[in-house]
Structure formats: structure tokens, C-alpha cells
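Asker: After the C-alpha cells below, expect a handful of questions from me.
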Amino acid sequence: MDPSEVAKMSFEYFQHNGVTFVSMIHSIEHLEWVKDFKMDPDIPLLVSYPKSGTTWLQQIISLILSNANDTGEKFKNLYAKAPWIEYPLFKTVSRDYQLLTTHLNYHMVPNIVKSKMIKIIYVARNPKDVIVSSYHFHKYSRFLKTPKDFQDFVEQFVEGNVFYGSWFDHIRDWYSHKDELNFLFVTYEEMQKDLRSVIEKVASFLNKKLDAGTLESILDQCTFNSMKENPQTNYQDVSGMFYSDKGSFYRKGIVGDWKNHFLVSQNEWFDSIYQERMADFPVKFD
Ligand code: PPS
């Protein structure tokens, strides 16, 4: 599909296996096809709930795997470098990728992923910042329902009535299977705090040695501003999918923007829900 056509199309949300998807970019037929997709064991899989740092890690991992040198014609944009397996478009992309990406829940990924054969990098983010980022993304995207207001969006998020369903189920399911998988867990917050260490940790997981120059080059190409300016990473070639006057994909790129959005009462309510559902979850977000 020509992305500029997207603006003219309508979309609907639909449920599949208890998760919310969007008719414009997903189909049940393809979601079923994904389950039997034979992944190449040499290709790692990046997994995330939307708005958790996916794009940042797509860029980091692609640069690690190419020794910071993937600027050639072959890799035009992040979609070509690290396609999402759950988009029907995936069947048509060139197999030149070095990395695959998914926002799917554990129970919907290719069967081969549920073994130690595939290296999985899971990135998570403080759910309050995910909510804020996602709220703005829903307003900015032509293929997602524009939220009524922030309060309504928080409620929809808690219920899992948003793009890709429940954040709580996503992280809990993946994390509960981590010992059966070849699994590296990183957070957006640790990337913000010490990106160098995260790059080194990811490189080591992927068995890649980075010399000092390569590491510096990756750091340089992964800053918020350089990704925002880089046509390979800034989604300018699919600008028809977004309302350019209603935001930007590279919005703020910070930790803690939730403090500028949550009222005290909303924050207390969300904390109580979090406590109910995640009290036993071992990872604590900043
Ligand atoms: S998506 O649509 O699910 O692929 O979105 P995702 O990439 O997971 O998340 C988008 C948020 O990540 C921020 N981002 C970055 N932050 C810091 N540094 C870099 N390089 C970077 N790249 C992307 C992006 O700005 C979105 O967060 P918000 O809070 O909305 O700014």
C-alpha cells in the first residue's frame, strides 16, 4: 500500500486472541500466518509494547550488527532494517534485514521464538510514560482513534482497549517466560541513564565486539536529535500516516513526562491499579 493512500482510508479496531488490532495495518489472516513463520535463528527479535523505545533500539541494534555502517542504499529506513513481523506488508519486504521487530504478545509470536533458538531483546518503559507517549501518538496517527481526553485514554489503557492491548499482560507474559527463552531485558530508563552500558550489554548479548570508534559512532547516531533529523529513522517517507500538524513521532524523548500529564488523583488511581496487578513483578520502574 502506498502510505500516502492511508490518509484517505478508514480503519476499525478488531479483537484477535483478546488483543486489540487495527484493520488498516493488521489482518487476522496475517496474524495467524505469523505463528508458523520460520524465523532464521541468526536473526534476533526486538520485542516491545508500543511507545517503549522500539525505534531507539531498532537503530541501536541495526548499528551494532552493521558495525555502525548501515547507511548504504540497501537500508533505506527502519522498516527495511528491522521490519515488524505482524504487518501484512512483511511478506513483501526484502529479506535483507538483520533484525526483526514485534509488538505482539508472547502467545501470538512464531512458535520458534518460544525456544532458546532466537535471541530476544525486550524493551520496557515506565507505563505512565508509555501512556503519555501513546496518548500523543493516538492523536498524531491517522490509523488510531483520537482519544476523547487524557482521563479517558488512561482508562482505555488500563482496560487494554488500545492498540496492542494490555500493557500489563504484555510485560507479565513475556517476563514470566524469560527463563525458557534466550532473553535480554532492557528499559527505556536505563537507556536514558547510561546508553553506553546498554549498547555494550546488547552487543555482548549478540556476540558482537565493538571497538571504541564504532561505539562512539553508534552513540552519535542514536541521540534523539540525530534520529529525529535522519531520514532513515524519522518516518518522513510515511508521513501520510500521520497528522503532521498534531505532533511528531520524536516528541520529547525523556523520562518522567507523565508528571506533566497526570493529575494527582489520576496518579493515585493508576498507582493503586499498578499495585493490584504488578505488586509481585520483580522489575521496578523509576
Ligand atoms: S513505536 O511507535 O511503538 O515504535 O514507538 P517507540 O519507538 O517504541 O517509542 C517512541 C518513543 O521513544 C522515543 N524515542 C527516543 N527517546 C530518546 N532517544 C531516542 N533516540 C529516541 N527515539 C525514540 C520517542 O520520542 C517516543 O517517546 P515520547 O515520550 O513520545 O517522546
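Asker: If you take the residues of the stretch 206-237 that are β-branched (Val, Ile, Thr) and more than 11 Å from the ligand (Cβ to nearest atom), which of them is nearest to the chain's Cα centre (by Cα)?
Answerer: Filtering first and then ranking leaves Ile218.
Asker: Right, here's the next one. Does at least one position in the stretch 238-254 carry a residue that is touching a strand residue (DSSP E or B) at 6+ places or on another chain (Cβ under 8 Å), away from the ligand (no atom under 16 Å from the Cβ) and not aromatic (Phe, Trp, Tyr)?
Answerer: no
Asker: While we're here: What pairs can you find where one residue is in the stretch 144-161 and surrounded by fewer than 14 Cβ atoms within 10 Å (Cβ to Cβ), the other is in a helix (DSSP H, G or I) and among the charged types (D, E, K, R), and their Cβ atoms are less than 8 Å apart, with a gap of 6+ or different chains?
Answerer: Taking only residues 6 or more apart or on different chains, the pairs are Thr146/Lys139.
Asker: Do any residues in the stretch 228-254 that are open to solvent by less than 70 Å² (accessible area, probe 1.4 Å) have Cβ atoms under 6 Å from those of residues that are polar (S, T, N, Q) and at pLDDT below 90, where the two are at least six apart or on different chains, and which pairs are they?
Answerer: Listed pairs, sorted by first residue: Gln232/Asn77; Gly240/Ser4.
Asker: Residues in the stretch 27-64 that are open to solvent by less than 30 Å² (accessible area, probe 1.4 Å) and more than 14 Å from the ligand (Cβ to nearest atom): how many?
Answerer: 9
Asker: Thr92 fails exactly one of the following numbered conditions: (1) surrounded by fewer than 21 Cβ atoms within 10 Å (Cβ to Cβ); (2) closer than 23 Å to Asp36 by Cβ; (3) in contact (Cβ under 8 Å) with a residue 40 or more places away in the chain. What is the number of that condition?
Answerer: Evaluating Thr92 over (1) surrounded by fewer than 21 Cβ atoms within 10 Å (Cβ to Cβ); (2) closer than 23 Å to Asp36 by Cβ; (3) in contact (Cβ under 8 Å) with a residue 40 or more places away in the chain leaves (3) as the failure.
Asker: Only one of (1) over 30 Å from His261 (Cα atoms); (2) in contact with a strand residue (DSSP E or B) (Cβ under 7 Å, 6 or more places away or on another chain); (3) within 11 Å of the ligand (Cβ to nearest atom); (4) open to solvent by 20 Å² or more (accessible area, probe 1.4 Å) fails for Lys116. Which number is that?
Answerer: Every condition holds for Lys116 apart from (3).
Asker: If a residue must be more than 22 Å from His16 (Cα to Cα) and within 12 Å of the ligand (Cβ to nearest atom), how many such residues does the stretch 91-113 contain?
Answerer: So the answer is 0.
Asker: On to the next question. Take Asn267 and decide whether it is farther than 20 Å from Val132 by Cβ and either open to solvent by 30 Å² or more (accessible area, probe 1.4 Å) or more than 10 Å from the ligand (Cβ to nearest atom) (or both).
Answerer: So Asn267 fails the test.
The values are calculated or read from the model by the stated rules, or taken from the named source; none is laboratory data. Small disclaimer: the values here were computed from a predicted structure and weren't measured. Using ideal geometry, Cβ is built from the backbone for each residue, glycine included, and neighbour counts are taken over all protein chains shown. These accessible areas exclude ligands, DNA and RNA; they are computed on the full protein's heavy atoms, side chains included. Shrake-Rupley method; radii C 1.70, N 1.55, O 1.52, S 1.80 Å.
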